[in-house]
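Quick notes on the structure that follows.
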Amino acid sequence: MPANLPPQYSKAEDEFRKATTPADRLDKLREMFRLLPKHKGTEKLQSDLKQKISRAKDDLEGAKAGGKTSSVGHKIPKEGAGQIVLVGAPNVGKSAILAAVTNAKAEVAPYPYTTRAPYPGMMPWEDVRVQLVDLPPIDANFMEPWVPNLVRSADAALLVADLGDDDVADSVEMVLSRLRAVHTELVGDLPFDVEDETIQHVKTVLIAAKADADGAADRLEIVREWFGGRFPIVVISSNTALGLDDLRRSSYDSLGIMRLYTKVPGKPIDRDHPFTLPIGSAVIDLAREVHRELEQSLKFAKVWSLGAFDGQTVKRDYELHDGDVVELHA
Ligand SMILES: Nc1nc2c(ncn2[C@@H]2O[C@H](COP(=O)(O)OP(=O)(O)O)[C@@H](O)[C@H]2O)c(=O)[nH]1
Ligand SMILES: [Mg+2]
């Protein structure tokens, strides 16, 4: 959680924790959203809150209907540093991407609708692992009704465009508009200020896939022209492994997180298990992540930064950076 949230926000959060009815929880979440300063440092929090609001609404409706609503068991529990969904039209190469960069053995086939259930895999990148989830295709005529929810609850999306397809631009626009129709907006950059909580913006990288296909270079020109202003574009081929390193790095970057390494005083750094927190998080946020009780008891920290700090003492609200080594003193 970013530092410097207004005290009213913390108060609303306390009240939210104490809320006992679905209506009350929804109320307090909306209050928190209203009080949350909207800027780059709170992007992750804004999107988390919107998800909570959307779930609280479901709970409320479920409670009203006198039982559980139709939440079909398609949710994939998050694992690793973040969850990224693979989104696209049929046959664009989504499952091939999953198979190329994760341990999962997704079924790749030259005909559409091979993927009918969400299918997760873990993608290693440097010292973290990112969860990729292959989704069934989005088509002009059909989309599994639970797909938008999985897109909305993901931390980011990879929007796959097929460079082997003459209609690649139309096909990508179709996917975007199908999702837009259900209040789900795929965007290259999250907006700074979102007042309409019904629209879920999902940070997205456009993956121009099958770069090895005949005519791919010409189609890439079209894709760049059409979408270059809206999304970062990564060109790949699952067949030749072109661009897969870029895909891994861009996926990690799209999560808006940083890696932090903790150190126990007098002991070596734990380089194997970085904590990941939203960019903009402070020492106190890391302390909370390490151990709930540290939030109260933390007195100060020492920070080693790349090319900057060398064991310098910092306060609880000091903002951390990717790669920082932090020694927490209670
Ligand atoms: N030339 C080429 N074909 C690919 C590539 N990736 C996937 N394909 C082919 O495209 C078709 C659909 O792939 P698949 O991953 O199942 O697409 P999905 O429906 O989006 O999951 C299959 O015939 C794949 O062999 C690639 O990088 N290059
Ligand atoms: Mg598939």
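The values are calculated or read from the model by the stated rules, or taken from the named source; none is laboratory data. This is a predicted model, so every value here is computed, not measured. Ideal geometry is used to build each Cβ from the backbone, glycine not excepted, and the neighbour counts take in all protein chains shown.
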### Query
Hey, among Arg219, Arg259, Arg288, Arg224, which residue is part of a helix (DSSP H, G or I), surrounded by fewer than 21 Cβ atoms within 10 Å (Cβ to Cβ) and modelled with pLDDT of 95 or more?
Arg224
#### Entry: Residue count for region 130-152, restricted to those that are more than 15 Å from ligand 2 (Cβ to nearest atom) and either touching a residue at least 24 places away in the same chain (Cβ under 8 Å) or touching a Pro at 6+ places or on another chain (Cβ under 8 Å) (or both)
8
### Query
Would you call Ala211 at pLDDT 95 or above, buried (at least 19 other Cβ atoms within 10 Å of the Cβ) and assigned by TED's automatic domain parsing to the domain that holds Lys315?
no
#### Entry: Subset of region 165-216 (residues that are among the charged types (D, E, K, R), assigned to a loop (DSSP other than H, G, I, E, B) and closer than 30 Å to Gly41 by Cα)
Asp189, Asp193, Glu195, Asp196, Glu197
### Query
Restricting attention to region 35-48, which residues are at pLDDT 85 or above, in a helix (DSSP H, G or I) and surrounded by fewer than 19 Cβ atoms within 10 Å (Cβ to Cβ)?
Leu35, Asp48
### Query
Has region 85-100 got any residue that is within 8 Å of ligand 1 (Cβ to nearest atom), within 22 Å of Lys44 (Cβ to Cβ) and not hydroxyl-bearing (Ser, Thr, Tyr)?
yes
### Summary
When restricted to Asp127, Asp155, Asp167, the only residue away from ligand 1 (no atom under 13 Å from the Cβ), without any contact (Cβ under 8 Å) to a residue 40 or more places away in the chain and acidic (Asp, Glu) is Asp167
